[in-house]
1. If you go through the stretch 54-91 one residue at a time, how many are in contact with a helix residue (DSSP H, G or I) (Cβ under 8 Å, 6 or more places away or on another chain) and part of a loop (DSSP other than H, G, I, E, B)?
2. Test residue 43 against the criterion of being modelled with pLDDT of 85 or more, part of a loop (DSSP other than H, G, I, E, B), in contact with a His (Cβ under 8 Å, 6 or more places away or on another chain) and at negative phi, and give yes or no.
3. Within the stretch 52-69, identify whether any single residue is modelled with pLDDT under 65 and in contact with a Lys or Arg (Cβ under 6 Å, 6 or more places away or on another chain), and answer yes or no.
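The values are calculated or read from the model by the stated rules, or taken from the named source; none is laboratory data. Predicted model, so just to flag it, every value in this text is computed and none were measured. A quick note on method: Cβ atoms are made from the backbone with ideal geometry, for glycine too, and the neighbour counts reach across all protein chains shown.
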Amino acid sequence: MTTRMGVPTPGGDAPGLVTVLGHVQRAGSTAADGIIATRFGEAATELVRARASGQMVRLRGDRIGHVPLAAAAKVRPVREDVVAMAEIFFEEGTRP
């Protein structure tokens, strides 16, 4: 096993990449974003380790868990009053 930037790299010459989570996560105003991102990363790593394909990490309340991708991809309608409230914050043509 060789190393790249001080990190062991499996497979000999396979390139390794070190990523600092704080550099790629969305900027938040509190440390909560970093804590949640770290917890998501840990849970995703556990899913990979368990070879649990077709699963997605999710947050429900303050608990991290996982859900089948098929369940996560279900279309859920948004109430009209919520859409109307969101439209207040977006100019015409800029809504995502």
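1. Residues in the stretch 54-91 being in contact with a helix residue (DSSP H, G or I) (Cβ under 8 Å, 6 or more places away or on another chain) and part of a loop (DSSP other than H, G, I, E, B): 1 in total.
2. The answer is no for residue 43.
3. no
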